[in-house]
């Protein structure tokens, strides 16, 4: 009888660990709320940090993408390539569509 009780407790603990892990994984992969959208890596969600990084490049509020006057590419502001654009050559875009209308191609980091 004592062995059955111990086995029952062990079973419940293992079950709790399994379901706890599933819930934890589900919470880590669920989509954030608000205006978040997928980053260029297609896995993580970009947040308002993009706006901060764009303003550091000299772009106005609302900018999410940048390009160079000397190129037909555009990048997310957090991209290392974007940070290499000379300040006097930077072109700022609020949407991908704006960049595409200028015949630019998205470049992933």
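Would you kindly state how much longer the chain becomes between residue 13 and residue 102 on full extension, computed as 0.36 nm times their sequence separation minus their alpha carbon distance, in nm to one decimal?
That works out to 26.1 nm of additional length.
Order by neighbour count: 64, 73, 83, fewest other Cβ atoms within 10 Å first, most last.
Neighbour counts put them in this order, fewest first: 83, 73, 64.
For 61, 68, what's the fewest-to-most ordering of other Cβ within 10 Å of each Cβ?
61, 68
Read the figures in this text as sums done on the coordinates, not as results from a lab. Keep in mind the model is a prediction, meaning the values are calculated, not measured. Backbone-built Cβ (ideal geometry, glycine too); neighbour counts: all protein chains shown.
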